[in-house]
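Read through the structure below, which is laid out as structure tokens, and then see the notes.
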Amino acid sequence: MFLHNYIYRLKCIVRDRELMFWTLFFPIILATFFNLAYANLSEAEKFAPINIAVVDNKEYQKNAPFQRVLKSLSTTSDDKDEEGIFNIRYTTKEEGDKLLNDKEIEGYIYCDNGIKLVIKESGLNQTILKNFIDEFKQTSSTVETIMEHNPESMHSGLLDRIGHRTNFLKEVAPSKSSPDTVVNYFYTLIAMACMYGGFWGLKEVTAIQPNLSPQGARINVAPIHRFKVVIVCILAAISVQLFEIILLLAYLTLVLKISVGNQIGYIILTCIVGTITGVTYGAFISSIIKEEGLKIGALIGSSMTMSFLAGMMYDKMKYIISTRAPILGYVNPVNLITDCFYSLYYYDTNSRFFTNIVILCVFIAIFSLCTYLVLRRQRYASL
Amino acid sequence: MLVYKAFFKIIQKNILQILIYIVIFLFFVVLIANTYTDPTNMDFKESKVNTVFINHDEDSKLLEGLKEYISQNANLIDIPDDIQKLQDALYFREVEYIVKVPKGFTEAFMKGEEIRIEKTIVPDSASSVYMDNLINKYLNTARLYISSIENLSQQQLVNYIGEDLSHETEVLLFNPDPEKGKNIRRMYYFNFLAYSLFAILILGVSAVMIVFNQPDLRKRHSCSPLKLKNMNFQMILGNISFAILVWLIMIIPSFIMYGDYMFTKKGLLFLLNSIIFTLPALSISFLIANIVKSKNAISAASNVVSLGTCFISGVFVPRDFLGETLLKFASFTPTYWYVKSNHIIANIDRLKEEDIRSILTGILIMLIFALTALAITMVIKKKKYTGQVSGS
């Protein structure tokens, strides 16, 4: 009997084309859009050689040390050890102005009573450019100071020591994965899809409530315990939703190549817990709100708000919440699911992951209990 | 004007869904207004990288000097030395560079031994190139002094370095655009308008057309004394007035926020561009409205079409980040041309003839889109109609 009911609920669910769209295809379409739009987002902060120009006038010609420094920093430099930082063009002043106006270069160097920098707008590249010119001036100043105090040093290889720059920095990776902001968008998307599983919970509870649907009335007069029916319906909803989430996950990792880390067991666990949270959330909403339109509105509205707070529209939102109002992060299931994926991807330890899973389980318990309390022992004098 | 009235009655029934989009739009518009920064500052501003400085060594003069120098050239952010907190901050770009000075650094450094500071960065980022250079510059200068002048105290050393590093290059600004920051924000306003407008038009027009396209209702209409031509005319009038109404609601905030600017040449161009965009949006909505069969499919169609075209045309993400092939593909949507023109309007200092020409091209293409979609709809309607007549 159990299996019979289960299979028929499965059929009912799978044949609901509209809900299949919202729970399965909509997240996949959204993921595709995300991928198209954010594919190059992390490229934007990557360092690329800066295009600059140098006005090739008499004063520049005279300044041999500066020429040497510039050459060593150019991308066309022969020195293979150091990567070039600047793409240098040699121009006249007028040409430099034109290149600057057309945004072909970030700025140009103009020697007129000292080395000057001409730019059009402020930015990191301009700052880097300015710093390199500063450095030339500063090193000259250092040499002067040293010569004052120790004139002998010129003979003991001061110039060599200037040329020899030591790297005093050593890179320590922040974690096992690179801090790629883009992946978080996809994690919130999976979390949103999990909460959209609430649609199934909604549908199932409506289907067994005698005062909400004719099927409900029919089921209610059947000689089967109400509780058993509820369990079967919710199980069917969870099965379908879990299948959809796994499909979405497969699409993200295999087609779009989004990294979710490699702890597959934990990832599946997150999917299962997330799915159950979503479905029970929908059942909970459906049991406390009676009107059909309002139910759907409440479900979509709340899951969108939760997704927004978890950073689906603006990635920094999640960080703002976690630093300013951490409680808000802990009572938001979308954020918890997102955070599970995030901690699996980014952290070296799993303690935060388990905290999230435990809180999600508490949510499941609350949603289920409330649904149960509302649904139990309902009697109808007439329908 | 029975049909015309019926049109707006149906819209009224669906006002809740439409209101959601208007609220989202207003929310976004307010968000733009609040991120408004003072654009009057015309000086060269050095970009400052958010940096965390963690010292495991003693509080030596050398490190104090280094920290002071970093604080002058970067924003020092105070985050406790906790791995997860630092990882979070780096991930969400609250900081982009973390410096950790190991124990015994000062002593080893003063003796000239090899020792390194630990850095944690966003890999391959421009900000890390900048900060690397900054710190290396300070320490290399220090090393140079230590190796060249004997018995130098840390205090003296820091003074010398401070003196050297205070030399700065003069920066000249060439023909800067004072309105640029503002213009970019105005562009985001009008770009985002494309999303809300499109979504609302699809929702509204479809809601009405689905009612009018019900087979029984159509048959009833066909035998009414109202001429088909007259009915179609009222229908078109309804569609156009609905579109213009939505457009007006969408542009009102721009007048409140930008005031007189909207009456300058650029402001008017933004407005012109947006009303032209309304036409293809309307006729594509009309096309969709005649294809979708059920009420439930409307919200799906309006979400997918409006979100999709906006994502690939650069409404949500700046156009510069989108790939070449994607943009080529996107050029088959009117949204692409609308956003492109907005870009031109926002980014140029003075409107040149070639800019006007490319804006006009955009307008022309949008109009062609409008006509094409309308023509396709007419063919579909005709086919459906004849099918119905001969079928029944």
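The values are calculated or read from the model by the stated rules, or taken from the named source; none is laboratory data. This one's a predicted model, so the numbers in the text were calculated from it and none came from an experiment. Quick reminder, even Gly has a Cβ in these numbers, built from the backbone with ideal geometry, and neighbours come from all protein chains shown. SASA here: full protein model, heavy atoms, side chains in, ligands and nucleic acids out. Shrake-Rupley method; radii C 1.70, N 1.55, O 1.52, S 1.80 Å.
For chain B, the relative contact order comes to 18 percent (Cα pairs under 8 Å, sequence separation of at least 6). Quick check: the angle from helix B:154-165's long axis to the longest principal axis of chain B, C-alpha only, nearest 10 degrees? The helix B:154-165 is inclined about 50 degrees to chain B.
Calculation over all alpha carbon pairs of segment A:11-53 in 10 angstrom steps from 0 returns a P(r) of 23, 26, 20, 15, 9, 5, 2 percent.
With R₀ set to 60 Å, the beta-carbon distance separating B:ASP124 from B:ILE380 gives a calculated FRET efficiency near 0.70.
When the chymotrypsin sites (Phe, Trp or Tyr not before Pro) in segment A:285-382 are filtered for DSSP coil states and for at most 16 other beta-carbon atoms within 10 Å of their beta-carbon, the remaining sites are A:TYR314, A:TYR380.
Each principal axis of chain B carries a Cα extent, and these read 108, 46, 36 Å when sorted largest first. Multiplying the residue separation of B:LEU31 and B:ILE368 by 0.36 nm and removing their Cα-Cα distance gives an extension gain of 117.9 nm.
How much length would be gained if the chain were fully extended between B:THR325 and B:ASN14, taking 0.36 nm per residue of separation minus their Cα-Cα distance, in nm to one decimal?
On the way: separation 311, 0.36 × 311 = 111.96 nm, distance 3.83 nm.
Working it through step by step, the gained length comes to 108.1 nm.
Suppose we look only past 29 Å in the calculated P(r) of chain A. What percent of the Cα-Cα pairs does that tail hold? The share of Cα pairs beyond 29 Å in chain A comes to 59 percent. Mean partner shielding of peptide A:179-188, defined as the number of other chain Cβ atoms within 10 Å of each residue Cβ, is 2.
The angle between the Cα long axis of helix B:295-313 and the longest principal axis of the Cα atoms of chain B comes to about 40 degrees, rounded to the nearest 10. Screening chain A for DSSP H helices whose Cα atoms reach 15 Å or more along their own axis and whose mean Kyte hydropathy is at least 1.6 gives A:26-38, A:226-250, A:264-288, A:351-375. Counting Cβ atoms of other protein chains within 10 Å of each Cβ in A:161-168 and taking the mean gives 6.
Against chain B, whose longest principal axis is taken from its Cα atoms, helix B:126-148 shows a tilt of about 10°. Loop-located trypsin sites (Lys or Arg not before Pro) in segment A:6-113 (DSSP state not H, G, I, E or B) with no more than 12 neighbouring Cβ atoms inside 10 Å: A:ARG15, A:LYS80, A:LYS103.
If a/c stays under 1.5 just call it rounded; otherwise compare a/b with b/c (prolate if a/b is bigger, oblate if not). Do that for the protein assembly as shown, with a ≥ b ≥ c from the square roots of the Cα gyration tensor eigenvalues. Oblate is the answer for the protein assembly as shown, as a/c is 1.5 or above yet b/c matches or exceeds a/b.
The modelled label-to-label distance for the pair A:GLU18/A:VAL255, using points 7 Å beyond Cα in the direction of Cβ, is 2.5 nm.
Exposed loop sites here are GluC sites (Glu not before Pro) assigned a DSSP state other than H, G, I, E or B and surrounded by at most 10 other beta carbons within 10 Å; excluding them, the longest clear run of chain A is A:83-290. Computed with every protein chain present, the accessible area of A:MET1 is close to 150 Å² [probe 1.4 Å].
Model label points for B:PHE263 and A:ILE7, set 7 angstrom from Cα along the Cα-to-Cβ axis, are 7.6 nm apart.
Structure remark: mean-square fluctuation, Gaussian network model of chain B, C-alpha springs under 10 Å; the largest value among B:SER254, B:SER283, B:SER128 belongs to B:SER128.
So, R0 is 51 Å and r is the distance between the beta-carbons of B:ILE348 and A:VAL374; what FRET efficiency does that work out to, to 0.05?
On the way: r = 62 Å, r/R0 = 1.21.
That pair, B:ILE348 with A:VAL374, gives E of 0.25.
Among the listed pairs A:LYS103/B:LYS352; B:LYS227/B:LYS384; A:LYS318/B:LYS103, a Cα-Cα separation exceeding 23 Å is found for A:LYS318/B:LYS103.
For the peptide A:345-353, the mean number of other protein chain Cβ atoms found within 10 angstrom of a residue's Cβ is 2.
Tell me the trypsin sites (Lys or Arg not before Pro) within segment A:287-383 that lie in a loop according to DSSP and have at most 14 other beta-carbon atoms within 10 Å.
Values: sites: A:LYS290, A:LYS295, A:LYS316, A:LYS318, A:ARG324, A:ARG352, A:ARG376, A:ARG377, A:ARG379; in loops: A:LYS290, A:ARG376, A:ARG377, A:ARG379.
Within segment A:287-383, the qualifying trypsin sites (Lys or Arg not before Pro) (loop, at most 14 other Cβ atoms within 10 Å) are A:LYS290, A:ARG376, A:ARG377, A:ARG379.
Here the dipole of chain A is about 2620 debye; that uses its Cα centre as origin and unit charges on the Cβ of Lys and Arg (positive) and Asp and Glu (negative).
Each label was represented as a point 7 Å from its Cα along the Cα-to-Cβ direction; for B:SER153 and B:LYS295 these points are 8.6 nm apart. Bridges between two residues of the protein assembly as shown, per DSSP, are antiparallel at a rate of about 30%.
Within straight-line reach of A:LYS203, meaning a Cα separation under 28 Å, sit the following lysines at least 8 residues removed in sequence or on another chain: A:LYS11, A:LYS228, A:LYS290, A:LYS295, B:LYS13, B:LYS293, B:LYS295.
In plain terms, if you count all Cα to Cα distances in segment B:50-165 and split them into 10 Å steps from zero, the share in each step is 13, 46, 32, 9, 1 percent. Pick from B:VAL208, B:VAL23, B:VAL52 the residue whose mean-square fluctuation is largest in a GNM of chain B, springs joining Cα atoms under 10 Å. Maximum among the listed residues: B:VAL52.
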